[in-house]
Amino acid sequence: MKFPFSWLADFVDMADIEPEQLAKKLISAGFEVEEIISTGVNLSNIITGRIESLEKHPNADRLQITQIFDGVTTRQIVTGARNVSVGDVVPVSLPGAVLASGLKIKPSVLRGVESNGMLCSKTELGIDELSDGIWILHPSTPLGLNFVDYAQLKDSVFDVSILPNRGDCQSMLGLAREISVLLGRPLRQPEMDYLVDPEFKLTSGPTQLIVDTQNQCPVYLARSVGNIFPAPTPLWMERRLSKCGIRSHNIIVDITNYVLLELGQPLHAFDADKWEGDVIRVGSSPANITFQTLDQETRAILPGAPIVSDRNGVVSLAGVMGGFGTSVDSGTRNIILESAYFTPVDVRRSRNHVGLRTESSIRFERGVDPLGVQIGADRALHLLQTLTNASVSSMSLQVETQLYSTLLPAPILMVPQKINQLLGTTYPHEMQINVLKSLGFSVNSLGDTWEIVPPSWRCHDVKDWPCLAEEVARIIGLDGIPNEFSGPMIIQEKATRLSIIRAAVETFLINQGFQEIQTYTMISPDDLLLSQRPVEKKSLMIQNPLSVAESTMRSELLASILKTAAFNIKRQISNLRLFEVGKVFFTHPDGTVCEHIMSGALVTGDQLLSPYTIDQKEWAKYTFSHLNGLMRELLDQLDIVDFQLKSTNNPLFHPTLSADLWFGDIIVGTVGFVHPDGVKGYDIRQSIGYIEFNLTLLASLPTRNKMFSPFGRFPSIRRDLAFLAPKTLGFDAIQGEIKSRLPAEVMDFYLFDLFESDSIGANHKSVGFAFIYQHSERTLLDDEVNEIHAKFVDDLRSHLPVSIR
Amino acid sequence: MIESLLAQLKAGAFDSLSRAESVTDIEGLRVRILGKKGELTEILKGLASVAPNDRPRLGQLANQLKDEISSVLNQKLVLFQAQESQNKLRSEGVDIHLPPIRRLIGRRHPIQLVLQDVVAIFSRMGFSVKEGPDVETEYYNFEALNIPADHPAREMHDTFYLENSLLLRTHTSPVQIRTMETQSPPIKIIVPGNVYRCDLDVTHSPMFHQVEGLYVDSTVTFSQLKGTLVYFLKEFFGQSRKVRFRPSYFPFTEPSTEVDVECGRCNGEGCQSCKQTGWLEILGAGMVNRKVVLSAGYDPDQVTGFAFGIGIERLAMLRYNISDIRLLYENDLRFLGQF
């Protein structure tokens, strides 16, 4: 909210205070001054003058020669303005004057005609970015005035972000109250006095007030005012409204807006002559009601929202905006002035429904001062009478419902020692009490405990003793509270298996050259064609997404990583190793929402940066074995054994170049190449390898038992076995057969050769295994091994469809 | 006779030696001249037919010659071995300026770099790491944190809603409640995690990261909150940076504060990146509201606590001079490769 320094100075003497100094104090007390907008810094020597005559310039079509009278003397000024006429009162910069831009005015001769100054526009005076022509003032404006002061051109407007709990500071008086405490200076109250004309009565308008909606409107006050003289809004008022971002309409509306800004009490004026019937009815809106607001828009009202009605229907969406039908215009002479308290929640719902955020609703939503209703009305009546010579009727319609008394703040019991305990301070009790007193709290000592009653304007936020601690702390200053750095020793909890695994996976992948990425967990339903796949895991949809592209909580991490790969490949970075550890989300058929932490590692392109020899190029290509190897290395590091690799049914993967990692009867990971169809969807034309682990599940797996077992000290003997096997015979089957028939003396065996060639037949492959024979207690003899090995080979041959080479 | 033969042998041997060029030549000469069936042996066979008186002299002569030839052979051998070894090494050489064979380099994402730093600093102060679900209920995200329905603060949290009145948590604060519900004081935790708000511009991302902190015990003070945060901020930003505490408002803390750090670009003078204020807004904090303590099932007269929330992206942007938050989530390798 905008606060002109000059307006705040109405309430607190700040003649010797610099705006920056005030800003610092406000910030330290919880009022963030986001910006100080200074206007008219350079201005000087601007006065008001009347145009006595206008003549054409003899030598220039676009110029006119004016004679300007300042009440004492007349000066000749040449102007290029088009919008002036004889009799206009305008701001005039005299020779020696400085304009907002810093331009100095000097006597000059324009095309042979002497000119002693300049007529000014709003732009030249620094208050409008763009203005069309000279600023024409009201004809009644006194002549020869120091216009810089008169129009309050020199000012600093504070843009303050008012915290949601400080609705009481959404007004000049509200913030001035804080300033008076911060500066230790008295607060001046605005003038409220006016005369009631006991004889005066409006001939039209309501005479009765009925409040049907007790809980939405605890207090409602209506005053009738007549014989309003349609005076122009005084320049000082117009200027103040303008500095706060409110446009001037007419004197009546301007006064209600002025009081709203000044005191924070929203007011509404109904044209009494447009009122139908005798009753003001405050109630809740029935369903299906539309209504034309001031701005001539027709709006559907939230059923149950507080409304004000006359005999014909709704005249105001209470607390938000008045109706067009009873609105005040330039012809209005008699009004019903409404000053009321509408409850924050109801105004908020109501204005949300119509999509309006008005100066009035902003204040009601955060809560106005329950005692402000009377004060606001009085201040408006004072201004109406002073500025328009209006007659104030003795009729005052007021309803206070049962809710009203409960709004007023209840006493809070406060123990100053507890405040110090919470803050970690040693503020003397008297100091604490004095801070509260200065803020308008009434205090009453009950010994060690004090009974504190907050002022009415703080009824919305001060409800418990820690609020009082906050008041004390912020006024004395948070920076003064010591920075304590001790306390009882707290032992950190040990890391979970999940966090250990997560860190191990991340470290492994980074060391393997994988770049970590960070993606949104929200994806498009079209990603990976997820929506078209029958999935037992139902995806979670966002009801109010920013865009379709981020409307579904991902159930597959691959979607996010693949998208990142596509993004980079499109930017001609095609050798990628990417990984992310992140969450996936899905709903179980029983309705529970699951979040699992997955790690996904993607490879594509070459595994070497720009290979240039044939060997390097061959070596750089990714194969399934590379991916599988990475996966095994990682599992080894995690001490996870006893897993099984099985062909996958996962439609996201290549049907024959991928596998699932099983542990018991659960899948804990997948490795292989992504299905080419899935890749094409991202406009990627290179194959994509991917290794994924479900870390949530991995964390629950048992790990290898780490107990030392002695290793053989005697020399080993190697025997090789090569055979031809049908291509269809899987390695798993061969290995299984070998394992089940392995002689006890074999300590280890491994594949050392595998090749396929036409020379051995298209349907066969040659397989070579090495067997390492070793005894734990003695050196094995050649003959001994030969005998065992021959027997083992015979055994294998009779159980596998192979021919020994 | 033998003498002349020996002289002949000597002349021939030295001639051959002078023409030898390699280790192989030398080894060949050694066999040819001094071998078991070599030329010298052949000559010495003739000793049998020589007069016995002459034998010792001739034998000595032959031995002298043998030593002489051997010595030269050995000298040459060492020379040629050295030469050949050098030649071999020379021939093995490559152009050392050819491009190296390199693999890709793995790096941390800047968000994670910052997150790890933040977690490490608080870990040193005894905070344990906790995590919680991204998908939350209204209760944990709002109500238990003293943000009832229709509370204006709900508007500050532009919430993404899912089905069945579930939502994506707007802050990591729900984990405060979840932890307090299952543990007894003292609790000293930090909660890193994803949070979500419907907002997207150069400084707002619909998903971002927060680290929540909570310390609850019998007598936790605002003063300790200040001490903890000042320590953290100076560790993170540097010891010389000034720290400022401003009163603020959050429904779940009271008193509440926002904490600023002196702008590092202008040293507090005021510049574009701090909007001329000289300060950068870093985090929000406060003493846990009694209502929150109560909804967690503790007696607010027995325990007090402090809580804080830090936006990780903001820290990353400040540390690495990143002006658009969206860069962090685009994952362009030309961006990620810089950290």
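The values are calculated or read from the model by the stated rules, or taken from the named source; none is laboratory data. Predicted model only: the values in this text are computed from it and were never measured. All Cβ positions, glycine included, derive from the backbone under ideal geometry; neighbour counts span all protein chains shown. Surface accessibility is based on the protein's heavy atoms, side chains included, excluding ligands, DNA and RNA. Shrake-Rupley method; radii C 1.70, N 1.55, O 1.52, S 1.80 Å.
Gap in Å between the Cα centre of segment B:141-180 and the Cα centre of segment A:722-736?
One Cα centre to the other: 59 Å.
Keeping all protein chains in place, calculate the accessible area per residue for segment A:210-311 (probe 1.4 angstrom), answer in Å².
That works out to 37 Å² per residue.
Other chains' Cβ within 10 Å of B:201-207 residues: what's the mean?
2
How much length is gained if the chain between A:SER803 and A:HIS429 is pulled fully straight, taking 0.36 nm per residue apart and subtracting their Cα-Cα distance, in nm to one decimal?
124.7 nm
On average, how much accessible surface per residue is there in segment B:2-91, in Å², for a 1.4 Å probe, leaving out ligands, DNA and RNA?
Counting only protein heavy atoms, the per-residue value for segment B:2-91 is 65 Å².
Send over a whole-number figure in Å² for the accessible area per residue of segment A:416-496, probe 1.4 Å.
On a per-residue basis, segment A:416-496 sits at 49 Å².
At R0 = 30 Å, how high is the FRET efficiency between A:THR779 and A:LEU751 if r is their beta carbon distance? Nearest 0.05 is fine.
With a Förster radius of 30 Å, E is 0.65.
Calculate how steeply helix A:172-183 sits against the longest principal axis of the alpha-carbon atoms of chain A, using the helix alpha-carbon long axis, and give the answer as 0 to 90 degrees to the nearest 10.
Taking Cα atoms only, the helix is inclined about 80 degrees.
Return the aspartates and glutamates within reach of B:LYS88: Cα separation strictly under 20 angstrom, same-chain partners fewer than 8 residues apart disregarded; answer none if there are no such residues.
B:GLU21, B:ASP25, B:GLU27
Considering only protein heavy atoms, with the full assembly of protein chains and a 1.4 angstrom probe, order A:LEU446, A:LEU796 by accessible area, largest first.
Ranked list, largest accessible area first: A:LEU446, A:LEU796.
So for the pair A:LYS739, B:ASP15, with labels modelled 7 Å out along Cα→Cβ, what separation do we get in nm?
7.6
Can you tell me the FRET efficiency between A:ALA566 and B:ASP67 if r is taken as the Cβ-Cβ distance and R0 is 60 Å, rounded to the nearest 0.05?
0.15
Semi-axes of the equivalent ellipsoid of chain B: what are they in whole Å, largest first, if each equals the square root of 5 times a C-alpha gyration tensor eigenvalue?
Largest first, chain B gives 93, 22, 19 Å.
Counting other Cβ atoms within 10 Å, keep those with at most 10, restrict to DSSP loop, and tell me which GluC sites (Glu not before Pro) in segment A:747-805 are left.
A:GLU777
When N counts the residues of the protein assembly as shown, how does its alpha-carbon radius of gyration compare numerically with 2.2 N^0.38 Å, as a ratio?
The reported ratio for this selection is 1.43.
To the nearest 100 Å², how much accessible surface do chains A and B cover up together, summed over both, with a 1.4 Å probe?
Summing both sides, the interface buries roughly 7300 Å².
With θ set to phi - 60°, apply the Karplus curve 6.51 cos²θ - 1.76 cosθ + 1.60 along segment A:108-122 and write out the HN-Hα couplings as whole Hz, x wherever there is a Gly or Pro.
Taking θ as phi minus 60°, the curve returns 8, 10, 9, 6, x, 10, 6, 9, 10, x, 8, 7, 10, 9, 5 Hz for segment A:108-122.
Quick one: helix A:731-741 against the long Cα principal axis of chain A, what's the angle to the nearest 10°, folded into 0 to 90?
50
Mind listing which trypsin sites (Lys or Arg not before Pro) in segment B:62-146 are in a DSSP loop and have 14 or fewer other Cβ atoms within 10 Å?
Qualifying residues, ordered by number: B:ARG103.
Would you work out which of A:ILE561, A:VAL148, A:PHE31 lies farthest towards the positive end of the dipole of chain A? Charges go on Cβ: Lys and Arg +1, Asp and Glu -1.
The listed residue farthest towards the positive side: A:ILE561.
Could you pull out every whole DSSP H run in chain B that spans at least 18 Å of Cα extent along its own axis and averages 0.0 or higher on the Kyte-Doolittle scale?
The answer, listed by residue number, is B:2-19, B:110-124, B:222-237.
I'd like the residues of segment B:122-160 whose 1.4 Å-probe accessible area shrinks by no less than 30 Å² going from the isolated chain to the full set of protein chains.
B:GLY126, B:SER128, B:GLU131, B:ASP134, B:VAL135, B:ASP150, B:PRO152, B:GLU155, B:PHE160
Would you mind checking which residues have amide H under 5 Å from A:ASP13's amide H? H placed 1.01 Å from N; only 5 or more apart, or other chain.
Hits under the 5 Å cutoff: none.
Helix A:251-263 versus the longest principal axis of chain A: what angle, 0 to 90°, nearest 10, using Cα atoms?
60
Which distance in Å, rounded to a whole number, links the C-alpha centroids of segment B:1-51 and segment A:364-438?
Answer, in whole Å: 129.
Taking the Cα centre of segment B:110-336 as the origin, how large is its charge dipole in debye, to the nearest 20, when only Lys and Arg (+1) and Asp and Glu (-1) carry charge on their Cβ atoms?
The calculated dipole for segment B:110-336 is roughly 840 debye.
Return the residues of segment A:1-37 for which accessible area with all protein chains present is lower than in the chain on its own by 50 Å² or more; set the probe to 1.4 Å and exclude ligands, DNA and RNA.
Those residues are A:ILE27, A:GLU32.
Using Stokes-Einstein with the Kirkwood hydrodynamic radius over Cα pairs, what translational diffusion coefficient do you get for segment A:483-595 at 25 °C and a viscosity of 0.890 mPa s, in µm²/s rounded to a whole number?
Result for D is 145 µm²/s.
Magnitude of the Cβ-charge dipole of segment B:50-175, K/R +1 and D/E -1, about the Cα centre, nearest 20 debye?
Here segment B:50-175 has a charge dipole of around 1400 debye.
Only protein chains counted, 1.4 angstrom probe. Which residues of segment A:476-491 are at least 30 Å² less accessible in the assembly than when their chain is isolated?
A:LEU478, A:ASP479, A:ASN483, A:GLU484, A:PHE485, A:PRO488, A:ILE490
Counting just the Cα atoms, what span does segment A:73-169 cover along each of its three principal axes? Round to the nearest Å and put the largest first.
Sorted largest first, the three principal extents are 64, 29, 24 Å.
Per residue of B:105-113, how many C-beta atoms from partner chains lie within 10 Å of its own C-beta, taken as a mean?
Whole-number average of other-chain Cβ neighbours for B:105-113 is 6.
I'd like the antiparallel share, as a percent to the nearest 5, of DSSP beta bridges with both residues in the protein assembly as shown.
Close to 95 percent.
For chain B, list the cysteines whose Cβ sits under 4.7 Å from no other cysteine Cβ?
Isolated Cys, chain B: B:CYS198.
Round to a whole number: what % of the accessible area of the protein assembly as shown belongs to carbon and sulfur, probe 1.4 Å?
For the protein assembly as shown, the apolar C and S fraction of the accessible surface comes to 51 percent.
Magnitude of the Cβ-charge dipole of the protein assembly as shown, K/R +1 and D/E -1, about the Cα centre, nearest 20 debye?
Magnitude of the dipole: close to 2700 debye.
Which log10 I(q)/I(0) values does segment B:2-91 give at q = 0.11, 0.12, 0.21 Å⁻¹ under the Debye formula, counting every alpha carbon as one identical point scatterer?
Values returned for q = 0.11, 0.12, 0.21 Å⁻¹ are -0.36, -0.42, -0.96.
Pick out, in residue order, every one of the trypsin sites (Lys or Arg not before Pro) in segment A:539-585 that is DSSP loop and has at most 12 other C-beta atoms within 10 Å; say none if there are none.
Hits after loop and neighbour filter: A:ARG571.
Provide a whole-number value for the mean count of partner chain Cβ atoms within 10 Å of the Cβ atoms in peptide B:276-283.
1
If you take the charge dipole of the protein assembly as shown about its Cα centre, with +1 on Lys and Arg Cβ and -1 on Asp and Glu Cβ, which of B:GLY213, A:VAL86, A:HIS654 is farthest toward its positive end?
A:HIS654
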